[in-house]
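Participant: This is the structure I want to talk about, given as structure tokens.
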Amino acid sequence: MSSNDEGGSSRGAAARLLAAVRRDPAVFVRSFHLELFGSAPELVEQFPSGLGEHRTAFVQMAEHVLGAFAEGSDPPALIDLLGQLGRDHRKHRLAERDYLLAQTALAKALAASAPDPRDHAFAERAAALVCQVMAQEAGRDESPESWSAEVVERIDHPGPTVVVRLLADPEARPTPFRVGQYLATLVPQCPGHWRYFSPAVPPNENGELELHIRAVPGGTVSGAVLKHTRPGDRWLFGAGYGSLGAGVADVPPDQAVLLVAGDTGLAPLRSIALALALRGENPRTTMLVGARGRAELYDLSGLRDLARANSWFNVLPVLETGPWSTLARTAVEFAARSEAVLVSGPPEMAATCVEALLSSGVAPGKIRRDPVS
């Protein structure tokens, strides 16, 4: 995509669109769904527009893509993310026509949010890149569209949070995702309503999975999981997303890694720490676990056990009294001597911590955060 266009640079157009989407995400989401479902009503059942969790994930992904354009981020990393998105959308069995309709709907939704009509051309080009890469990768991938696992245990914690343990079917072993990724997940109580959850254990030959799920106000799927999930339930999973854990194992042992977790954003960072524990030498790794009360530190004893068994690992609970400001300040203190800083948690928490890190002078390339929290 060219760096300059009529009305200013592509980065400038992306920054203006990003600000507009953040200012009123409802306009962006409504415009996209009205256009897409008006052209293809049959897609309504696969992409339920009325659920808050679906809208949140859609907006988070759009903000991430626009942010990557606005910051001039590494293009291969963005293309890789769009490829992951396309491979996961294979579970919906979309036709080429559906991607073309989505491209038109995305371009119109971005244009509807644009405060400057001169940004409409960029909106069209950005939508074309997103949907064309997704379609290409979806058509190229020959792996199974989805895979299944059976619930074997649930552990309830205050919060309310539930830990769900599953065993993948034999044909899905070793479990097909990378450490630190999150998975599109379908639970039997909510047919057609895919949500994103991060495994809290790394991929393994035994097919063991562990998911940490916290009730979300108005969350249809998270509420159903907390109320109704029981051993014997069968869950369906799509492709893995994200690159949060990529390259962590390559950090030299004489350097440091900082993991910053909030709420169930702990899960992917726990998976990364457990994967490192299976190796020999590791970088000095500190995990900050933010919580609004001691009852929400549901996995602290297990993390302390991990720290006792591994001298390179340390865990520090951070109790919040405000909007994640204490966790952000603590992250800044540790980040100055860290080669990589991984942030995972609710959107407000992640945004607060990333903003504080950048303001303190931490290089953007050292901070990693996946788009869907």
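Participant: Can you compute the charge dipole magnitude of the chain about its Cα centre, using +1 on each Lys and Arg Cβ and -1 on each Asp and Glu Cβ, nothing else charged? Give it in debye, rounded to the nearest 20.
Facilitator: Approximately 640 debye in magnitude.
Participant: Straight-line reach from Lys91: which lysines have a Cα under 27 Å away, not including same-chain ones fewer than 8 places off?
Facilitator: Straight-line reach from Lys91, under 27 Å: Lys108, Lys227.
Participant: Take every Cα pair under 8 Å in segment 147-241 that's 6+ residues apart, average their separations, divide by the length, and report that relative contact order as a whole percent.
Facilitator: About 38 percent, as a whole number.
Participant: Moving on. With a point put 7 Å past each Cα toward its Cβ, work out how far Ala215 is from Glu42 in nm, to one decimal.
Facilitator: With each label placed 7 Å out from Cα toward Cβ, I get 4.0 nm.
Participant: Remind me, relative contact order of the chain in percent, using alpha carbon pairs under 8 angstrom and six or more residues apart?
Facilitator: After rounding, I find 14 percent.
Participant: What is the extension gain from Asp116 to Arg23, computed as 0.36 nm multiplied by their sequence separation minus the C-alpha to C-alpha distance, in nm to one decimal?
Facilitator: Stretched out fully, the Asp116 to Arg23 stretch lengthens by 32.0 nm.
Participant: Would you calculate the separation in nanometres between label points at Ser146 and Leu34, each defined as 7 Å from the Cα along the Cα-to-beta-carbon direction?
Facilitator: For Ser146 paired with Leu34, the spin-label model returns 3.1 nm.
Participant: Quote the convex hull volume per residue of the chain, based on C-alpha atoms, as a whole number of Å³.
Facilitator: Here the figure is 136 Å³ per residue.
Participant: What are the membrane-span-like helices in the chain by this rule: whole DSSP H runs, Cα extent along the axis at least 27 Å, mean Kyte-Doolittle hydropathy at least 0.0?
Facilitator: Correct list, ordered by number: 52-71, 120-140.
Participant: Antiparallel as a % of all DSSP beta bridges within the chain, to the nearest 5? Before the final figure, lay out each step's value.
Facilitator: On the way: 29 of 50 bridges.
In the chain, DSSP labels about 60 percent of beta bridges as antiparallel.
Participant: Put a dot 7 Å past each Cα toward the Cβ at Leu100 and His228; how far apart are the dots in nm?
Facilitator: So the two model labels end up 3.9 nm from each other.
Participant: Two-decimal Rg/Rh of segment 81-143 from alpha-carbon positions, Kirkwood Rh?
Facilitator: 1.05
None of the figures in this text is laboratory data; all of them are computed from the coordinates on show. It should be emphasised that the depicted structure is a prediction, and the values quoted were computed from it without experimental measurement. Glycine also receives a Cβ, built like all others from the backbone with ideal geometry; neighbour counts cover every protein chain displayed.
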